[in-house]
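Notes follow once the structure below has been shown.
The values are calculated or read from the model by the stated rules, or taken from the named source; none is laboratory data. All figures in this text were calculated on a predicted structure; none of them were measured in a lab. Here the Cβ positions follow ideal geometry from the backbone for every residue, glycine too, while neighbour counts run over all protein chains shown. Ligands, DNA and RNA are excluded from the accessible area calculation, which covers all protein heavy atoms including side chains. Shrake-Rupley method; radii C 1.70, N 1.55, O 1.52, S 1.80 Å.
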Amino acid sequence: PQVLALLKTYGAGIVPTDGLDAARTKIEAIVTGALDSDEQEMRSTARELAALALADRADPGSEVNPEERRHELARAIRLYLEGRLRSTSATIVLEDLHWGEAPLLGLLEKLLDQLRSPLLLVCLARPELMDRLPTWGAGRTNALALRLGPLSASDAEHLARELLKDASDGRVREIVERTEGNPLFVEEYVRMLAERGSDAVVPPTLQGVIAARLDATSSTLKRLLQEASVLGRDFWLEALPGATSSSSRATDIAEAERRDLVVETRRRGPSGATTYRFTHGLIRDVAYSSLSKADRSRAHDHYARWLAAAAGERAQEYSEIVAYHAERAFELAREVNAPTTTELGRRAFETLTASAGGARERADFLTALELYDRALAVADAIGVTGTERALAQGMAAITRLRWDPSMSSISEVDRAIEATRGLGPTEHLVRLLIWRGSTAVTLDDVVVARALFAEAVPVAGATGDPDVLAYALWASSEPAGVIGQLDEQRRILEQALEHMRVSGAVRWMVSCLADISANAIERGDVDAALKTAEEGVATAERTGRLLDRFKAANALARGLVATGDQEARAAAERAFALAREIGGPGALAVDLAAW
């Protein structure tokens, strides 16, 4: 949401009701207008910004690691901001950064390292951010951390007199002594006096003052504020579960604004509705704490369902928020032993795993791992067993292996394989076996790798899915290729290609053709290598996938180099341009290694 707001601020004009295609088009338009660079770089920047702002599932996302992903995202933001700002200074304010997750905070640090424009980035946070991450933003000459302390007694007195206008010295001294330099407490104290009169008995704490102010409102307004607090600091009237009429809500929200409890903002919600905001986070916190756990559970569940429906085709953009509210609905129901606990738990498990899958596809592995772990905790709490739990456990294991390819991660994949084997032949088991087999290859454990791939192929065939079998056949050539058994590798790849042609399973065909071409070069059959690479290019044009086009272009360039063709240089430059468009060092390294 913060990145989306930034893009809106700088001219994209994206509104919550825009479809994915419309939002992407607007991002492409502002990038084209901002950047003075080649077409590939503009497309790459637009794609990365769309992936960040819209949680878009970029095709090559699965090919890069988390560090590469953060680098590319930060680079895209830097290029865009530098293009927009040029020599004009600007300020961006990020509020409530203490709620920021590690990926966002890491991205901001990357941006600080790379940006070379006159931009002031102001990050507002509660002290717990520095308690949690004491070194965040430290060690930089272009960063400064300021901790705001309480007002002095004289400043607190001055503030109280300005707000009170006409008041006795005794009342002012009372406010100064009671509030201990907290400016919000001073303001809330004065508001309570304004609402209840100078003889009001003021509670001794800030939370008590806010609670007293909420209690002084009508029952319908207090209920509205309590339900709104479940959504967060920002909320939309149509998202609330209450059954009050629209006219009553309009009256209540006007009263809330008059009492300075909420304020209308210029932002629009996911359905295009007006966004209201609690004037301070503590007002929201107190309203939330005054709601019973059973009512909180129902409100969280209602909002999760409403947001999933309101987001429409941009649901992935809000999937983590939906999952959070579904999870909170379950946790609260469980605490009060509500009859809906199991039903809410199942919904929480489903939304958490779906959100984790989206994060994994965007190569946001750390977020995906956290979501999978939370999903598995819910699964254990409600007793989810069998295929669903095994799938979540397996995907968590694969994600952890990609994030941290350590022995503990490998052991986790092994446990997931054992848990999945008992469920019969599934695509999930095939993927686990192949990932584990590829890991064994990198560890030079070819015997283990061969055994895993040998198991994966018949399991894939038993699923009855030609795409899964094509994937397993193609992947199983890896051990032979690594140890230089070229004839065996060619036999496996040609078997995979024949299956793909007969079955029409083309998803992995370009990858298979590229490997056959590389194998032919290694065997000295350069004519066959070039012919196969040309077929790969034609196939990639039909699939339209960016990664396919890169692999085919790279294979063609290698084939032309091997035959001494004068077009080799131009072909290599086309492959390199596609590698740049994909982004991340991985594709560039593969391409540069050939030349």
Verdict on residue 530 being at pLDDT below 95, surrounded by fewer than 24 Cβ atoms within 10 Å (Cβ to Cβ), of a type in the set (A, V, I, L, M, F, W, C) and part of a helix (DSSP H, G or I): yes
Could you tell me which residue of segment 191-238 is surrounded by the most Cβ atoms within 10 Å (Cβ to Cβ), considering only residues that are part of a helix (DSSP H, G or I) and touching a strand residue (DSSP E or B) at 6+ places or on another chain (Cβ under 8 Å)? 228
Residues in segment 273-287 that are touching a residue at least 40 places away in the same chain (Cβ under 8 Å) and open to solvent by 30 Å² or more (accessible area, probe 1.4 Å) total 5
Can you spot a residue in segment 173-187 that is open to solvent by less than 80 Å² (accessible area, probe 1.4 Å), touching a Phe, Trp or Tyr at 6+ places or on another chain (Cβ under 7 Å) and of a type in the set (S, T, N, Q)? yes
Is there any pair linking a residue in segment 433-457 that is under 19 Å from residue 405 (Cα atoms) to one that is among the aromatic types (Phe, Trp, Tyr) and open to solvent by less than 50 Å² (accessible area, probe 1.4 Å), with Cβ under 6 Å and at least six apart or on different chains, and which? 437/453
Among the residues listed as 446, 441, 459, 482, the single one being at pLDDT 95 or above and farther than 26 Å from residue 538 by Cα: 459
Quick check: anything in segment 171-182 outside any helix (DSSP H, G or I) and of a type in the set (A, V, I, L, M, F, W, C)? no
Right, residue 507: in contact with an Asp or Glu (Cβ under 8 Å, 6 or more places away or on another chain), basic (Lys, Arg), closer than 25 Å to residue 553 by Cβ and surrounded by fewer than 24 Cβ atoms within 10 Å (Cβ to Cβ) or not? yes
Considering segment 485-512 alone, what residues qualify as being assigned to a helix (DSSP H, G or I), closer than 20 Å to residue 431 by Cβ and aliphatic (A, V, I, L, M)? 492, 493, 496, 500, 509, 510
Show the residue pairs meeting these rules: Cβ distance below 9 Å; 6+ apart or different chains; first residue within segment 529-540 and farther than 14 Å from residue 515 by Cβ; second residue among the polar types (S, T, N, Q) and open to solvent by 40 Å² or more (accessible area, probe 1.4 Å). 530/563
Just one of (1) farther than 29 Å from residue 275 by Cα; (2) touching a residue at least 12 places away in the same chain (Cβ under 8 Å) trips up residue 221, so point out which. (1)
Kindly provide the set of residues from segment 398-415 that are more than 18 Å from residue 471 (Cβ to Cβ) and assigned to a helix (DSSP H, G or I), ordered by number. 399, 400, 403, 407, 408, 409, 410, 411, 412, 414, 415
Residue 250 passes all but one of (1) out of contact with any Ser or Thr (no Cβ under 6 Å at 6 or more places or on another chain); (2) crowded, with 17+ Cβ neighbours inside 10 Å; which number fails? (2)
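Conditions tested, residue by residue: (1) under 26 Å from residue 447 (Cα atoms); (2) in contact with a His (Cβ under 7 Å, 6 or more places away or on another chain); (3) modelled with pLDDT under 95.
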| site | (1), (2), (3) |
| --- | --- |
| 488 | yes, no, no |
| 498 | no, no, no |
| 504 | no, no, yes |
| 513 | yes, no, no |
| 516 | yes, no, no |
(1) within 30 Å of residue 418 (Cα to Cα); (2) open to solvent by 20 Å² or more (accessible area, probe 1.4 Å): which one isn't true of residue 493, the others all being true? (2)
Selection within segment 239-263 - over 26 Å from the mean Cα position of the chain (by Cα) and assigned to a loop (DSSP other than H, G, I, E, B): 241, 242, 243, 244, 245, 259, 260, 261
Determine whether residue 416 is hydrophobic (A, V, I, L, M, F, W, C), more than 17 Å from residue 372 (Cα to Cα) and buried (at least 24 other Cβ atoms within 10 Å of the Cβ). no
Could you check, for segment 513-527, whether at least one of its residues is open to solvent by less than 50 Å² (accessible area, probe 1.4 Å) and not in a helix (DSSP H, G or I)? no
Residue 368 passes all but one of the listed conditions (1) out of contact with any helix residue (DSSP H, G or I) (no Cβ under 6 Å at 6 or more places or on another chain); (2) open to solvent by less than 20 Å² (accessible area, probe 1.4 Å); the exception is number (1)
Tell me which residues, restricted to segment 105-129, are open to solvent by less than 60 Å² (accessible area, probe 1.4 Å) and out of contact with any Leu (no Cβ under 8 Å at 6 or more places or on another chain). 106, 109, 114
Residues that are farther than 20 Å from residue 579 by Cβ, of a type in the set (A, V, I, L, M, F, W, C) and either modelled with pLDDT of 80 or more or open to solvent by 60 Å² or more (accessible area, probe 1.4 Å) (or both), drawn from segment 38-84: 77, 81
I want to confirm something. Restricting to segment 309-347 and keeping residues that are without any contact (Cβ under 8 Å) to a residue 24 or more places away in the chain and within 21 Å of residue 357 (Cα to Cα), which single residue is most open to solvent (accessible area, probe 1.4 Å)? 324
